[in-house]
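Written below as structure tokens is the structure these notes are about.
The values are calculated or read from the model by the stated rules, or taken from the named source; none is laboratory data. All values reported here derive from a predicted model rather than from experimental measurement. Cβ placement follows ideal geometry from the backbone for every residue including glycine, while neighbour counts extend to all protein chains displayed.
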Amino acid sequence: MQKMYNSRLRFRRKRIFNSQFALHSKISLLSIFLLLLTLGAHLPLPHAAAEEGAFRKPSASPYGTCSHLGGGQEHDAMPRNLTLMREAGIEWARADFSWSGIERPQGTWNFEHLDRVVKNAEEQGIHILPILDYSTAWAAPSYKNPELWLEYVRRTVTHFKDRIRYWEVWNEQNLRNFWGDAPDPEEYAKFLRKTYLTIKEIDPELVVVYGGLAGVPAEFYEKSLQAGAGEFFDVMNIHPYRGGLVSRQAIERFLGDIQKFNALTFQYCGKNKPLWITEMGWATPPVLGQNSRLFISSVLERLFPNGVPGKIAVISDGQYPPSFALNHAMWEKMLPENADFELMPLDTAAALDPQTFPVLILPPGEDFPVTYADELRNYVKNGGTLILHGGVPFYYQMVRDSDGKWSRPEKSPFTGSLSRTFRVRVLTWWTDKGTPEFTPIELAPNAPVALAKYQVEKLKGSRFLSDSELQEGDTFEPLILPKDAQWTDGPAKGTKFDAPCAGIYRFASDWKGNIAVNAILGDSLGNTNRCVEENQGTYLAQSILLALANGVDRYFSYEFQAVERDDVDPEHHFGIMHADLTPKTGYLAYQALTKARPAGSMNFPGTGLTADPELCLLSWKRPDGLTAYALWSTSGTKEYSLSLSEVPHCAFDVHGQGIELQKGVQKWTLSEKILYVIGKDLKLNVQPN
């Protein structure tokens, strides 16, 4: 099991959803119309009828987490892990029941390690969601070896059928690394059908869960439904990883993704089926942003040896998706210590005077606000320094519509001519024949001192830069180079490949500024599934509350206990508990949420979005009869007047810290950190000051 666990570590998060636009797919107007007819006010869908029966009744709780209980660190610490889950109000644990850990060697079936998991879970009142997944050395990929696969399914489900009633069929089959071959929705539909029928032969009341899809690939799901998958699952399942839901637009996109999948289910199945999120979370690597800081510091050291003669402008724009998660704390992680910087929206940044703001840093990633391309180009022409980091510059061209909303066109023109209008040339394996796909990297000779600690040994180059667009007088200074690389094809095949991964374009022709580019993807903040630890709990709680109010029946955080053996690899830091089982903010926030909204609570109608575009508000009736509210701001801190009809039974923040509120009207500063207010017959009114 440890071998399989390590394999998951190698591949999972590097797979690469660098923005929450990844894997978005088209959906017909008919689907949306059907959704609105069937979901009403986005009330939670009913749980599967198979939860009733004489067996050990599964919990109706919506609260779950992912935990590698079958082997490795989390198996070793299993009793304590399960106790801590229960203390946080978590009643479900999702775990691999991998074929390679059960049949070893071929023909020998071993369930002892999983029997221990199920026994310990039962003692703590935790219910297991097992994943039937992966392959063995003698039957890979599994879908091409159906008889052997189904024997594993039959033996495993039969062994646990009286103790486990839900079975998930595979994990992230839309990714090659997990499917074991080119992802194919039609093949998955066939695979799911065979597995479903085998499980139902054992017990028709068992519940089959569609394998959790990585991201929100509506097209993959729809194609599997067109191939007949809709008849062969009881619960739908997605992994909608993304940045924090810290703006109204980010929330709208998240809710829209949920709506897409519920609409597709109804369209092809003719009825609603429960939708679960069985993975979603935010990694908190302690060195998050460190390489960005080192790169930016080295650029500033080289260009401004006597210090930046003015303020550094950075983007924090609630309307621009690549900057949704970039608050002051996140930018502090990426900038030199004690840097004099100012957060600003894009429209302000586009009109900057280089004399006042000699440096402008765009959000990390591969998106570019093409709407302001002319203004940003003029900023550089007039002497400004533009810093781009975290992948191919200018790649995904973001466009702002007349309503002020930003989107990535469905057929993005990608980098091409746009980068060249900035005198930057990009080389990639998919655009320039013979460019290596991945290379080791090293610092350039005479690289700035500030770059010395850049962790080149843990990162790879996959995007490269050229000086071919420069004019007479312009120069290019490499900062990070490929190491021992060669052209892989074309006339230069086998010769040295030395196009830099990072460097500074200095303009001294008709342009007077600079563009610094780091095209390495390995340490990117912003619109990705990683954050500083203080934000993990806020992001997690917001996503759970919004999901459960908008058509999701059960939510599993990824994951419970962090690995923490590598400071750089995000996969080691998704846990809501540290490796030593001390709590992170994710655990504290989960515990506070289940305290405020215990299992069995019923939401009042509402999506969480309000007429005030900067306010989120949800409310529900608890099983004990109390009424509870959760409220927060989507645009940083904002002053409100809270009117309470009674003295609250209790009030606390996102991490469970108590707060005193009184009956009547009081001024209160809301932020992205959730405020919970609970009372007997409480009526809460919120008005901006």
**Prompt:** Applying the selection to the stretch 270-317, what residues are surrounded by fewer than 21 Cβ atoms within 10 Å (Cβ to Cβ) and of a type in the set (D, E)?
**Reply:** E301
**Item:** Spans of strands (runs of 3 or more DSSP E) in the stretch 142-253 with at least 2 residues farther than 30 Å from P613 by Cα
**Value:** 166-171, 207-214
**Message:** What's the number of the only condition in (1) on the phi < 0 side of the Ramachandran plot; (2) assigned by TED's automatic domain parsing to the domain that holds L451 that A263 fails to meet?
**Reply:** (2)
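Which one of these is over 24 Å from A95 (Cα atoms), touching a residue at least 24 places away in the same chain (Cβ under 8 Å), among the aliphatic types (A, V, I, L, M) and buried (at least 18 other Cβ atoms within 10 Å of the Cβ): A218, A189, A229? Explain how you work it out, then say what you get.
On the way: A189 fails: over 24 Å from A95 (Cα atoms); A229 fails: over 24 Å from A95 (Cα atoms).
Within the list A218, A189, A229, the selection yields A218.
Among the candidates L175, L129, which residue alone is hydrophobic (A, V, I, L, M, F, W, C), in contact (Cβ under 8 Å) with a residue 40 or more places away in the chain and surrounded by fewer than 23 Cβ atoms within 10 Å (Cβ to Cβ)?
Details: L129 fails: surrounded by fewer than 23 Cβ atoms within 10 Å (Cβ to Cβ).
It is L175.
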**Message:** among the β-branched types (V, I, T) and without any contact (Cβ under 8 Å) to a residue 60 or more places away in the chain: is that true of T607 in this structure?
**Reply:** no
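Test I277 against the stated conditions and say whether it is more than 30 Å from F220 (Cβ to Cβ) and modelled with pLDDT of 95 or more.
On the way: more than 30 Å from F220 (Cβ to Cβ): no; modelled with pLDDT of 95 or more: yes.
No.
Yes or no, residue by residue, for (1) modelled with pLDDT under 95; (2) not assigned by TED's automatic domain parsing to the domain that holds F304; (3) not polar (S, T, N, Q):
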site	(1), (2), (3)
L388	no, no, yes
S402	yes, no, no
W430	yes, no, yes
G473	no, no, yes
I480	no, no, yes
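In the stretch 598-611, what count of residues is obtained for those that are surrounded by 16 or more Cβ atoms within 10 Å (Cβ to Cβ), touching a strand residue (DSSP E or B) at 6+ places or on another chain (Cβ under 6 Å) and not in a strand (DSSP E or B)? Spell out the reasoning first.
So in the stretch 598-611, the residues surrounded by 16 or more Cβ atoms within 10 Å (Cβ to Cβ) come out as 598, 601, 603, 606-610.
Still in the running and touching a strand residue (DSSP E or B) at 6+ places or on another chain (Cβ under 6 Å): 601, 603, 608, 610.
Still in the running and not in a strand (DSSP E or B): 601, 608, 610.
Here the count works out to 3.
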**Asked** Just checking, which of V568, V563, V552 is at pLDDT 95 or above, under 27 Å from E332 (Cβ atoms), in a loop (DSSP other than H, G, I, E, B) and not assigned by TED's automatic domain parsing to the domain that holds G679?
**Response** V563
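Out of the stretch 678-689, which residues are among the aliphatic types (A, V, I, L, M) and either part of a loop (DSSP other than H, G, I, E, B) or out of contact with any Ser or Thr (no Cβ under 9 Å at 6 or more places or on another chain) (or both)?
Just the residues of the stretch 678-689 that are among the aliphatic types (A, V, I, L, M), to begin with: 678, 682, 684, 686.
Matches in the stretch 678-689: L682 only.
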**Asked** Within the stretch 127-170, can you find the residues that are within 16 Å of K200 (Cα to Cα) and of a type in the set (D, E, K, R)?
**Response** E151, R154, R155, K161, D162, R163, R165, E168
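Residues checked against (1) within 29 Å of I277 (Cβ to Cβ); (2) under 27 Å from the mean Cα position of the chain (by Cα); (3) among the acidic types (D, E):
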{"site": "E122", "(1), (2), (3)": "yes, no, yes"}
{"site": "I126", "(1), (2), (3)": "yes, yes, no"}
{"site": "A139", "(1), (2), (3)": "no, no, no"}
{"site": "V157", "(1), (2), (3)": "yes, no, no"}
**Message:** Within the stretch 580-597, take every residue that is touching a residue at least 40 places away in the same chain (Cβ under 8 Å) and either of a type in the set (K, R) or surrounded by fewer than 16 Cβ atoms within 10 Å (Cβ to Cβ) (or both) and give me the one that is farthest from V647 (Cα to Cα).
**Reply:** K584
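Can you find even one residue in the stretch 660-679 that is modelled with pLDDT under 95 and acidic (D, E)?
yes
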